[in-house]
Amino acid sequence: MPKTTISVIKADVGSFPGHSRTHPKLLEKAAKMLKEQEGKLLIDSFVTHCGDDLELIMTHTRGEDNEEVHKLAWDVFLECTKIAKSMKLYGAGQDLLADAFSGNVKGMGPGVAEMEFEERGSDPVLIFMADKTEPGAWNFFLYKIFADPFNTAGLVIDPSMHTGFIFEVHDVINKRRITFKTPEETYTLLSYIGACSRYVIKYVWRKDGIIAASTSTQRLNIMAGRYVGKDDPVMIVRAQSGLPSVGEVIEPFCTPIIVAGWMRGSHHGPFMPVGVCDANMTRFDGPPRAICLGFQVCNGKLIGPADMFDDVGFDRVRERCNELADIIRDQGPFEPHRLSLEEMEYTTLPGIEKQFRSRWEPIPE
Ligand code: F6R
Ligand code: MG
Ligand code: MG
């Protein structure tokens, strides 16, 4: 049996109204284009959206970074952009930073998380997709899932997980990477990944080499050199049989953490787990949200999805997120609701400084 690859590739190519949600016509077009490739380039596919991001979930046997698979995703985004433009949807084609495909969608605007693995006897996979936040938003959850025994009971009581995991961390500003082992290097790992805007967990492996998680690390604003919306990350996590269970993987989302993104990609706000029916951005263009679709992978076929956060078990964290949203919104344009000046460099704020630079004068000694 060849190895199975899951590729999750996403882009915002237009939405309605404003940056709120993807239009059904785009979802239909994307689903149709991927279906046509099933049995050819792809084994299976599923299309959904989180807010204004069109999410392509594809399975195949061609490994990560495959040119044809990436080209297919790029073509889907181009075709959907055409539809978005014909309806004057908002931000049509906004995440497509390049004019022509050049071998790999990475660096061209779309976000990419991929994972190649040998299927186990039964292989549950959870796909997380977020809108109005940045790739580092997953750091907290990945740490809790794979390194926190107070979250993941299996770290303590399952012998196959007891030795811990390996985290690959990317410095998205200086383009370098490093791996840390847990539990032995936990404190060092935390000293980096706590700075989510710069250090992003890319992969997690079990110590015997089994791949457990993969995320998208693309930062649009840094790639484009100007503000073009937030990066709205995706993540693939495998579960069960010597990996954290499905319940252990989604448990950390019961904590209402504060992430960067939200309005104009420039505000901190609560990260709310929601069902797909609620994956539409409303209040203050948010609040930042995550959805999670669960599948069993069977010879590359996606059995599912199960809409994991569409459940009363997550009602309380949603309530707490709404409370936090009320509290932090009251601060209006003041930090720390608004991002720090350093992070605002990647937004439209420098445009204001440019307009007013000439009016500043030195303070007399
Ligand atoms: C955040 C986002 C929105 C827009 C905001 C302003 O990622 O997409 O909050 O930044 O709606 O959009 P423009 O500048 O296009 O009017
Ligand atoms: Mg948008
Ligand atoms: Mg988005």
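What number of residues within the range 213-249 are modelled with pLDDT of 95 or more, within 15 Å of ligand 2 (Cβ to nearest atom) and among the β-branched types (Val, Ile, Thr)?
0
Taking Phe77 as the residue in question, decide whether it is modelled with pLDDT of 95 or more and within 16 Å of ligand 3 (Cβ to nearest atom). Working first, answer last.
Values: modelled with pLDDT of 95 or more: yes; within 16 Å of ligand 3 (Cβ to nearest atom): yes.
Judged against the criteria, Phe77 is a match.
Conditions tested, residue by residue: (1) more than 11 Å from ligand 2 (Cβ to nearest atom); (2) open to solvent by 60 Å² or more (accessible area, probe 1.4 Å); (3) at pLDDT below 95.
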| site | (1), (2), (3) |
| --- | --- |
| His23 | yes, no, no |
| Lys29 | yes, yes, no |
| Leu41 | yes, no, no |
| Cys50 | yes, no, no |
| Glu67 | yes, yes, no |
| Leu72 | yes, no, no |
| Thr81 | yes, no, no |
| Leu97 | yes, no, yes |
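From the set of residues in the range 253-264 that are out of contact with any Asp or Glu (no Cβ under 8 Å at 6 or more places or on another chain) and outside any loop (DSSP other than H, G, I, E, B), which is farthest from ligand 2 (Cβ to nearest atom)?
First pass over the range 253-264, keeping only residues out of contact with any Asp or Glu (no Cβ under 8 Å at 6 or more places or on another chain): 253-258.
Cutting the leftovers down to outside any loop (DSSP other than H, G, I, E, B) gives us 253-254, 258.
Numbers: Phe253: 24, Cys254: 28, Ile258: 22 Å.
Going through the qualifying residues, I end up with Cys254.
Can you tell me which of Pro135, Pro124 is in contact with a Ser or Thr (Cβ under 6 Å, 6 or more places away or on another chain) and more than 24 Å from Phe16 (Cβ to Cβ)? It would help to see each step written out before you state the result.
Numbers: Pro124 fails: in contact with a Ser or Thr (Cβ under 6 Å, 6 or more places away or on another chain).
Of Pro135, Pro124, the one residue that is in contact with a Ser or Thr (Cβ under 6 Å, 6 or more places away or on another chain) and more than 24 Å from Phe16 (Cβ to Cβ) is Pro135.
Just a yes or no: is a residue in the range 23-40 more than 16 Å from ligand 1 (Cβ to nearest atom), within 18 Å of the chain's Cα centre (by Cα) and farther than 22 Å from Ala98 by Cβ?
Within the range 23-40, none of the residues are more than 16 Å from ligand 1 (Cβ to nearest atom), within 18 Å of the chain's Cα centre (by Cα) and farther than 22 Å from Ala98 by Cβ.
Step by step: first the residues of the range 16-55, then only those that are part of a loop (DSSP other than H, G, I, E, B) and touching a strand residue (DSSP E or B) at 6+ places or on another chain (Cβ under 6 Å), then the one that is farthest from ligand 3 (Cβ to nearest atom). Which residue is that?
Taking the range 16-55 first, the residues part of a loop (DSSP other than H, G, I, E, B) are 17-20, 22-23, 36-37, 39-41, 43, 51-52.
Checking the rest, the ones that are also touching a strand residue (DSSP E or B) at 6+ places or on another chain (Cβ under 6 Å) come to 18, 22-23, 43, 51-52.
Working: Gly18: 11, Thr22: 9, His23: 14, Ile43: 28, Gly51: 5, Asp52: 4 Å.
Among those residues, the one meeting the criterion is Ile43.
Going by what's in this entry, would Gly209 be described as free of Cβ contacts under 8 Å to residues at least 12 places away in the same chain, away from ligand 1 (no atom under 16 Å from the Cβ) and in a loop (DSSP other than H, G, I, E, B)? Lay out the reasoning, then the answer.
Working: free of Cβ contacts under 8 Å to residues at least 12 places away in the same chain: yes; away from ligand 1 (no atom under 16 Å from the Cβ): yes; in a loop (DSSP other than H, G, I, E, B): yes.
For Gly209, the condition - free of Cβ contacts under 8 Å to residues at least 12 places away in the same chain, away from ligand 1 (no atom under 16 Å from the Cβ) and in a loop (DSSP other than H, G, I, E, B) - is met.
Please work out if Ile250 is open to solvent by 10 Å² or more (accessible area, probe 1.4 Å), among the hydrophobic types (A, V, I, L, M, F, W, C) and farther than 26 Å from Thr5 by Cβ.
no
Quick check on my filter: what residues within the range 52-78 are within 16 Å of ligand 1 (Cβ to nearest atom) and hydrophobic (A, V, I, L, M, F, W, C)?
Within the range 52-78, Leu54 is the sole residue that qualifies.
Do any strands (runs of 3 or more DSSP E) lying entirely in the range 99-179 carry at least 2 residues that are of a type in the set (Phe, Trp, Tyr) and either open to solvent by less than 10 Å² (accessible area, probe 1.4 Å) or under 16 Å from Cys196 (Cα atoms) (or both), and which ones are they? Break it down into steps so the answer makes sense when it comes.
Numbers: elements: 111-117, 123-131, 165-171.
Passing ranges, in order: 165-171.
The values are calculated or read from the model by the stated rules, or taken from the named source; none is laboratory data. Treat the numbers as computed from the prediction; the structure is a model and nothing was measured. Quick reminder, even Gly has a Cβ in these numbers, built from the backbone with ideal geometry, and neighbours come from all protein chains shown. Side chains are part of the model used for accessible areas, which takes the heavy atoms of the whole protein and leaves out ligands, DNA and RNA. Shrake-Rupley method; radii C 1.70, N 1.55, O 1.52, S 1.80 Å.
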